[in-house]
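**Q** Okay, handing you the structure first.
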Amino acid sequence: MKPAEVRALNPRLSPKLDVFLGGSDEVNAGRAEQCASVAVAAPAPLVPTDTAASPGGEQGAEVGAQAEEAAWPAPSGAEAPDGLAASVDAGAVGAVGAAGAVGPTGTTVLGAEPDPEVTRSISILPVAKVARLAARLEEDVTPTQVGFSLFVQIDRDLDPDAHAAAVDAVQKCATRVRWKLDMASVEAPAGQVARLLEIPGVSYVEPGQSLRGPEPAVGARTAAPERTARRVASERRRHKDGQEVLVGVIDVGGFDFAHPDFLDGDTTRWVAIWDQGGTTRPPPHSERQDDREAMGYGSEILADHMNAALKASAKRHMAATALEPQSQMAVASHGTHVASIAAGNRGVARKALIAGVLVALRPEDKDAASSFYDSTRIADAVDYLMDLAARLGAQRREDKAPMPVSINISLGTNGHAHDTSSSMARWIDNALATRGRCVSVAAGNAGQVEPRWAEDRDYVKGRIHAGGTLPATSLRHELEWVVGGEDILDVSENELEIWYGPQDRFDVEVKPPGLRWLPRVSQGSKIRNQILENGTVLSVYNEAYHPANGLNRISVLLSPFFGEVAADGSRSLGPIASGEWRVRLTGVVVRDGRFDAWIERDDPVRLPGTGKQWRYPSYFGPASYTDDRMISSLACADRILSVANADLGLSAAHVTSSRGPTRDGRSKPDIAADGTKVVAARGFDARFPWIEMTGTSMASPYVCGVAALMLGVSPWLTSAQIQGIMRSTSAPLPGQTFGWRNDTGFGVIDAEACLNRTREFADMHHEMLKDERRKAAK
């Protein structure tokens, strides 16, 4: 193995994207099978070869002809795949059987017999073979047959001509573009990234962040909740149970639009579902200026389609959701449960219109490598729901104004600085600058940091933050970072980010398990895709003055070694070395010394093969982790409502509820709600229609529903005003005070008090306007 080489880094290019660009096409084809922001041109595997390919790095001397001939596709029209109707005829019903067989009771039976082609088998490469293959690698390769999902930042204060030129240049480099002020969500071929960086006015390019799926504790099937359990009686004459408000749900698992909790007579209350992984209907259309193929993927299922399926269901003796299928239709789906809490017939905003965006997370199938499923999809989802609210307002409101919209997001991310500066946080905050909009986000379920019983391993999900202070120049601090474990071979990529103030300067060193300390990386330098003696591929970046917040960032990325693809389609991987990795910080210039570190973790998934290979969350060791600041970075945005889970039975925050504050000390979570043993709709199984779940993703939709009622009383409220009213009317748990707490925020939401205060505020505003009119008349 070659010794680690320290080089200069590009300050306009994110470390992770630089790692991607340092990998061959074959490497990135392997990476695309597990990385949300990398995709290959087609799902077909590369031609098998004995050529090695490191995950960070450099491809072998031979490349399969199939990889040579494949090309990253240009934007295509929104045509339906062969065999599917491309029309949006209201009477048409979607393709049958796309998501499973239909059982005799009208339920959809999922996954009865797994398709042997669905999951790619994995074989483990021993360290000796990794070393042999690594010796044959070429250097300085450039990928050409993959694409990336990116956020592109341009300077906000460009003069009009320069701004137009920058927008046009970005458009020419990308296959898909969606703009929000000075930021674009784009999909671009790897070969175009260098051109993006050459555009005058482009300040930073970074990939979308991986999304964490919701992790509720699923309880027993049970009876339906009381009809009045979530009803808000206060000001009901004015809020009308959300009748003139759109409730949007961005979630996973599928939306059972035919569940009794969503039916109004023989029709559904759902007005639209954008299935981002769907293929049965054309995708939604965007008419925003400067957008290009902005939402040109997935399927948009409209109310007419769903109601046609409901009408045909009895005649064809099939479930309506089988006649109008979605790409995900999991029994007891998370999305159905969440929508039921927020806006079901037994929910909070029980007369609101409902729309959903079904986000494809990591697809566990052979086509995973050809899909994007990162945080740019959340940006698209938020914009879609707000565009939909505008269309509904134009159709239904006398003044043609957009319909007020309250959105719930139960997905999360751990990357970035946990302040307001991430691309996703800024995207949502910009969207919420307009009145009549609100977004509620689950704080996360990473609160547990200690085992609750001898065999309990859930604590690894909570040990994601470390922090400390270097007291003076030349002093050191070491972080313990645990990867894998006994009988666990981690073949997923792991990332650690350390953020600290611009007035300081740190050097960083890494010590792999059982090996010596690697060379020190000073500020402005990097180690990219270094294959270590233990077979792990290491990258270390030490950035100064990040353009989004001015802070310094250290990034450490551990990748498996991607080997050859066998004739049967299985892939060889060299796992990341298990054990304790140590990361040492040395103060070069210390004026403050404070730092925070987060791990961008995986959800634990056992992969096919010997049984030992996993995508497994790494975590901080006992001497390093803290029990705070593990709140999802998506929940750190300034204008969103960040929601914790209160266990009202114990008069405390639930043990799994993620705690704040943000890195910059702001009060997140904002509010808590009952998210413990919440009974709501159990999707896609007519035999057992109700189920109990626990998590912040059960608390957040309750807050979303209350926000919808507040907008029903006063449609011109801003998200900041909704946040202020909720904070000021919240109730502390017994034994607590009115001050902010890092586990329950400003207290448990009081829905009745929120509506009363909204009415008082609306009346005060109305009287002020009347007084102004009287003065003007005189």
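**Q** Pairs only if they're at least six apart or on different chains, beta carbon under 8 angstrom, first in the range 507-524 and in contact (Cβ under 8 Å) with a residue 60 or more places away in the chain and on the phi > 0 side of the Ramachandran plot, second acidic (Asp, Glu) and open to solvent by less than 60 Å² (accessible area, probe 1.4 Å); list them, first residue then second.
**A** GLY524/GLU543
**Q** May I ask you to list pairs of residues, at least six apart or on different chains, whose Cβ atoms are under 6 Å apart, with the first in the range 602-629 being aliphatic (A, V, I, L, M) and the second being in a strand (DSSP E or B)?
**A** VAL605/ARG615; LEU607/ILE122; LEU607/GLN613; ALA623/GLU480
**Q** Give me the residue from the range 212-251 that is aliphatic (A, V, I, L, M) and surrounded by 23 or more Cβ atoms within 10 Å (Cβ to Cβ) and, out of that set, farthest from ALA681 (Cα to Cα).
**A** Per the stated criteria, the residue is VAL245.
**Q** Now for a different question. Note down all Cβ pairs under 9 Å where the first residue falls in the range 746-763 and is closer than 15 Å to GLY705 by Cα, the second is acidic (Asp, Glu) and outside any strand (DSSP E or B), and they're at least six residues apart or on different chains.
**A** The qualifying pairs are GLU752/GLU235; LEU755/GLU235; THR758/GLU235.
**Q** Take residues that are more than 26 Å from ILE250 (Cβ to Cβ) and open to solvent by less than 10 Å² (accessible area, probe 1.4 Å) and tell me which of the helices (runs of 4 or more DSSP H) falling wholly in the range 687-778 contain 2 or more. Give the derivation first.
**A** Details: elements: 696-713, 719-729, 751-777.
Because the criterion is at least 2 residues that are more than 26 Å from ILE250 (Cβ to Cβ) and open to solvent by less than 10 Å² (accessible area, probe 1.4 Å), no helices (runs of 4 or more DSSP H) in the range 687-778 meet it.
**Q** Restricting to the range 659-682, count the residues that are under 22 Å from the mean Cα position of the chain (by Cα) and of a type in the set (Asp, Glu).
**A** Matching residues across the range 659-682 total 2.
**Q** All but one of (1) in a helix (DSSP H, G or I); (2) in contact with a Ser or Thr (Cβ under 9 Å, 6 or more places away or on another chain); (3) open to solvent by less than 10 Å² (accessible area, probe 1.4 Å) hold for LEU196; which doesn't?
**A** Here LEU196 clears every test but (2).
**Q** Moving to a separate point now. Filter the range 185-243 down to residues that are within 30 Å of ARG292 (Cα to Cα) and hydroxyl-bearing (Ser, Thr, Tyr) and give me whichever is farthest from the chain's Cα centre (by Cα).
**A** So in the range 185-243, the residues within 30 Å of ARG292 (Cα to Cα) come out as 185-213.
Still in the list and also hydroxyl-bearing (Ser, Thr, Tyr): 185, 203-204, 210.
Values: SER185: 14, SER203: 24, TYR204: 21, SER210: 6 Å.
That would be SER203.
**Q** Only one residue in SER440, SER422 is touching a Leu at 6+ places or on another chain (Cβ under 6 Å), open to solvent by less than 10 Å² (accessible area, probe 1.4 Å) and of a type in the set (S, T, N, Q). Which one?
**A** Of SER440, SER422, the one residue that is touching a Leu at 6+ places or on another chain (Cβ under 6 Å), open to solvent by less than 10 Å² (accessible area, probe 1.4 Å) and of a type in the set (S, T, N, Q) is SER440.
**Q** Give just the number: which of (1) open to solvent by less than 20 Å² (accessible area, probe 1.4 Å); (2) touching a helix residue (DSSP H, G or I) at 6+ places or on another chain (Cβ under 7 Å) does PHE262 not satisfy?
**A** In the conditions (1) open to solvent by less than 20 Å² (accessible area, probe 1.4 Å); (2) touching a helix residue (DSSP H, G or I) at 6+ places or on another chain (Cβ under 7 Å), PHE262 misses (2) alone.
**Q** Looking at the range 608-667, which of its residues are open to solvent by 50 Å² or more (accessible area, probe 1.4 Å), touching a Ser or Thr at 6+ places or on another chain (Cβ under 9 Å) and within 29 Å of GLU692 (Cα to Cα)?
**A** LEU648, GLY649, LEU650, listed by residue number.
**Q** Does THR280 qualify as being in contact (Cβ under 8 Å) with a residue 12 or more places away in the chain, touching a Pro at 6+ places or on another chain (Cβ under 8 Å) and open to solvent by less than 20 Å² (accessible area, probe 1.4 Å)?
**A** Spelling it out, THR280 is indeed in contact (Cβ under 8 Å) with a residue 12 or more places away in the chain, touching a Pro at 6+ places or on another chain (Cβ under 8 Å) and open to solvent by less than 20 Å² (accessible area, probe 1.4 Å).
**Q** Still on this model: Among the residues in the range 534-541, are any touching a residue at least 24 places away in the same chain (Cβ under 8 Å) and open to solvent by 20 Å² or more (accessible area, probe 1.4 Å)?
**A** Yes, the range 534-541 contains at least one residue that is touching a residue at least 24 places away in the same chain (Cβ under 8 Å) and open to solvent by 20 Å² or more (accessible area, probe 1.4 Å).
**Q** When the range 554-570 is examined, which residues are found to be open to solvent by 10 Å² or more (accessible area, probe 1.4 Å) and part of a strand (DSSP E or B)?
**A** LEU557, GLU564
**Q** Which residue, of ALA417, ALA433, ALA401, is in a loop (DSSP other than H, G, I, E, B), farther than 14 Å from ASP670 by Cβ and open to solvent by less than 10 Å² (accessible area, probe 1.4 Å)?
**A** After ruling out the rest, the residue left standing is ALA417.
**Q** Quick check on my filter: what residues within the range 143-169 are under 25 Å from the mean Cα position of the chain (by Cα) and more than 23 Å from ASN549 (Cα to Cα)?
**A** At the first step, the residues of the range 143-169 found to be under 25 Å from the mean Cα position of the chain (by Cα) are 146-154.
Selection gives VAL146, GLY147, PHE148.
**Q** Just to check your reading of the model, which residue among TRP427, TRP481, TRP499 is open to solvent by less than 10 Å² (accessible area, probe 1.4 Å) and either more than 24 Å from the chain's Cα centre (by Cα) or at pLDDT below 95 (or both)?
**A** TRP427
**Q** Could I ask something else about it? Pick out the one residue from SER185, SER234 that is part of a loop (DSSP other than H, G, I, E, B), within 26 Å of PRO404 (Cβ to Cβ) and touching a helix residue (DSSP H, G or I) at 6+ places or on another chain (Cβ under 8 Å).
**A** Only one candidate qualifies: SER234.
**Q** Next question, about the same structure. Of all residues in the range 571-582, count the ones that are in contact with a Ser or Thr (Cβ under 6 Å, 6 or more places away or on another chain) and open to solvent by 10 Å² or more (accessible area, probe 1.4 Å). Working first, answer last.
**A** First pass over the range 571-582, keeping only residues in contact with a Ser or Thr (Cβ under 6 Å, 6 or more places away or on another chain): 572, 576-577.
With open to solvent by 10 Å² or more (accessible area, probe 1.4 Å) added as a condition, the list becomes 572, 577.
The qualifying residues number 2.
**Q** Cβ-Cβ under 7 Å, sequence separation 6+ or interchain: first residue in the range 709-730 and closer than 23 Å to ILE354 by Cα, partner open to solvent by 10 Å² or more (accessible area, probe 1.4 Å) and among the acidic types (Asp, Glu). Which pairs?
**A** Partner pairs satisfying both residue conditions: GLY712/GLU244; VAL713/GLU235.
**Q** Restricting the search to the range 450-501, which residues are in a strand (DSSP E or B) and among the small types (Gly, Ala, Ser)?
**A** The initial filter retains those residues of the range 450-501 that are in a strand (DSSP E or B), namely 465-469, 476-483, 485, 488-490, 494-500.
Selection gives ALA466, GLY467, GLY468, GLY485.
The values are calculated or read from the model by the stated rules, or taken from the named source; none is laboratory data. No experiment lies behind these values; they were computed from the predicted model shown. Positions of Cβ are backbone-derived with ideal geometry, glycine not excepted, and every protein chain shown enters the neighbour counts. Accessible surface areas use protein heavy atoms only, side chains included; no ligands, DNA or RNA. Shrake-Rupley method; radii C 1.70, N 1.55, O 1.52, S 1.80 Å.
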